[in-house]
Structures are given as C-alpha cells and as structure tokens.
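Here the structure comes first, spelled out in structure tokens, and everything after it is commentary.
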Amino acid sequence: MILYPAIDLLGGKVVRLRQGEYDDSTVYGDDPVSVAQSFVNQGASWVHMVDLDAARSAEPVNRGIIAKVASALAGHALVQVGGGVRTVDDAQALADAGVSRVVMGSAAVTDPSLVQQVSQRVAVAVGLDHRNGIAATHGWTESSGQSVVDLLPLFPTAAAFVITDISRDGMLTGPDIEGLARSAELTTVPVIASGGVGTLAHLQALSQVGALNGVIVGKAIYEGKFSVAEAVQVLS
C-alpha cells in the first residue's frame, strides 16, 4: 500500500486546513522542496501536493514551486498534484512542470468527459470529496447531488480515485474504513484514501482493506503523530 505524504501550498508555504476551511489553517513551513525531500529520504515513493491558491482562485501562483519539487525529486519519487486543475491546459502545464499525475475534482465531477481528454496527456486521479457519501465540489462549498458510488463508473480512464471524507479531513479521528472499502470493491481503478488518519493504528486498519491502493497523510505527520518512515513501514 502506497503512502502519499501531503504538501498543501498556500502563498508558497506548507499549510494544513481543518475541514477545508481557509480561515482555519496552520503553517508548517516555508520550504516545500526540503519538506518533500525529507519525505522521500524517509522512504516515500510519491508526494501528494495541493495548490490551495489555484483551488480557490484558479491562479496557479504555486506552479513554480511545484516544478522545483518535481525537479528535486526526479528519479527518486513521483509527484501527484491537485488544486485548480480545471482544463486540459492546466493539466498539461503541470505535466510540463514534471508532475506524474494530476488530481481533478470539481471539473471531473461536472464534466466526466474531461478526464478522458486529460488522460491522453497525463495520468489523472479523480478526486471525490464527500459529505456522508455525497460528492462536494468547488472547494467543498457545493453539493453535486451525486453519490460517490454512482460516480465511480463514469471515469474509465482514471488512473486512480482519491476519496476524501470532508468531515474527517484534518481531524485525526480516523478514516472512513467502511466507506472506503465499499468504494474500492466497486471499481477496478486504484482507490487512495484521504482524510482522518491520525495514528499508526489507523494506517494499520487501512492496510487490512485489501482493495485499497494507497493513503494520503498530512496533518498527522506535521503534528508528529508518526514519521513518514514509520508510516511506510506499517503500510509495507
């Protein structure tokens, strides 16, 4: 099972939001490249990045930083990036910056055919962020009215699904094991868990869900609940 340690970028700094709220953020560093390198030095094979500025305003102000991270990790680890990936051009720009996989959320849910177009340029993970199983869009501010389960079959070219339980994001209270297991069983596309991991026991529980491909972890690492090295060991 793959660990995706997370780097969320806001104004060039490494931050974490609680439940996606921009006015409830904590800054953990101002050197994303060194943070990413530390993750890889501890055994991470992927780094998951989110451009929070692009997600909110569509302005890719952090793209230069993302390119620096991808360059620094080249040959050592792969980079997956989400946040504000709304068009083929957005995805192509990230691919040109060295990103191995882009994450499309709102744009994918609104127009599933877009994922097929982007998949011809770069691998796409479809981000399905939900409240009580219903997918949310536009920075988690709107409900799509569609369930995650109903959306899964609409993306045959997706390289992965990133499924986030919004209510658990940044809360460290544990992942939605049951919901994730159900989703993973309903698709042949790899499913990556996101949201709620706060302990190594949570990772151990996720690792027992055979159909899951990976897990994104952010706040627990920054808060010192466990190290990337410890997480990699548990998941392996």
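Points to keep in mind about this one:
- When ALA231, ALA181, ALA158, ALA201 are checked against the criterion of being within 16 Å of the chain's Cα centre (by Cα) and small (Gly, Ala, Ser), ALA158 stands alone in meeting it.
- Residues in segment 49-63 that are closer than 14 Å to PRO32 by Cα and in contact with a Lys or Arg (Cβ under 9 Å, 6 or more places away or on another chain): ASP51 alone.
- Number of residues in segment 167-189 that are in a helix (DSSP H, G or I) and in contact with a strand residue (DSSP E or B) (Cβ under 8 Å, 6 or more places away or on another chain): the value is 6.
- Single condition ALA229 does not satisfy, out of (1) under 24 Å from TYR28 (Cα atoms); (2) surrounded by 16 or more Cβ atoms within 10 Å (Cβ to Cβ); (3) of a type in the set (A, V, I, L, M, F, W, C): (2)
- The residues listed here are TYR22, TYR28; of these, the one that is in a strand (DSSP E or B), surrounded by fewer than 19 Cβ atoms within 10 Å (Cβ to Cβ) and either of a type in the set (Asp, Glu) or modelled with pLDDT under 95 (or both) is TYR22.
- Only one entry in VAL88, VAL79 is more than 18 Å from LEU10 (Cα to Cα) and modelled with pLDDT of 95 or more, namely VAL88.
- Residue in segment 204-222 that is nearest to VAL47 (Cα to Cα), counting only those that are free of Cβ contacts under 8 Å to residues at least 60 places away in the same chain and not in a loop (DSSP other than H, G, I, E, B): ALA220
- Of the criteria (1) buried (at least 22 other Cβ atoms within 10 Å of the Cβ); (2) within 17 Å of the chain's Cα centre (by Cα); (3) not in a strand (DSSP E or B), which one ILE192 fails: (3)
- For segment 167-189, taking the residues that are at positive phi and not hydrophobic (A, V, I, L, M, F, W, C), the one that is surrounded by the fewest Cβ atoms within 10 Å (Cβ to Cβ) is identified as GLY174.
- Among residues of segment 175-187 that are among the aliphatic types (A, V, I, L, M), those with a beta-carbon under 9 Å from a residue that is part of a helix (DSSP H, G or I) at least six positions away or on a different chain give the pairs ILE177/HIS202; ILE177/ALA205; ILE177/LEU206; LEU180/LEU206; LEU186/VAL149; LEU186/LEU152; LEU186/PRO153.
The values are calculated or read from the model by the stated rules, or taken from the named source; none is laboratory data. This structure is a prediction, so every number in the text was calculated from the model and none was measured. Here Cβ is always computed from backbone atoms with ideal geometry, including for glycine, and neighbour counts include all displayed protein chains.
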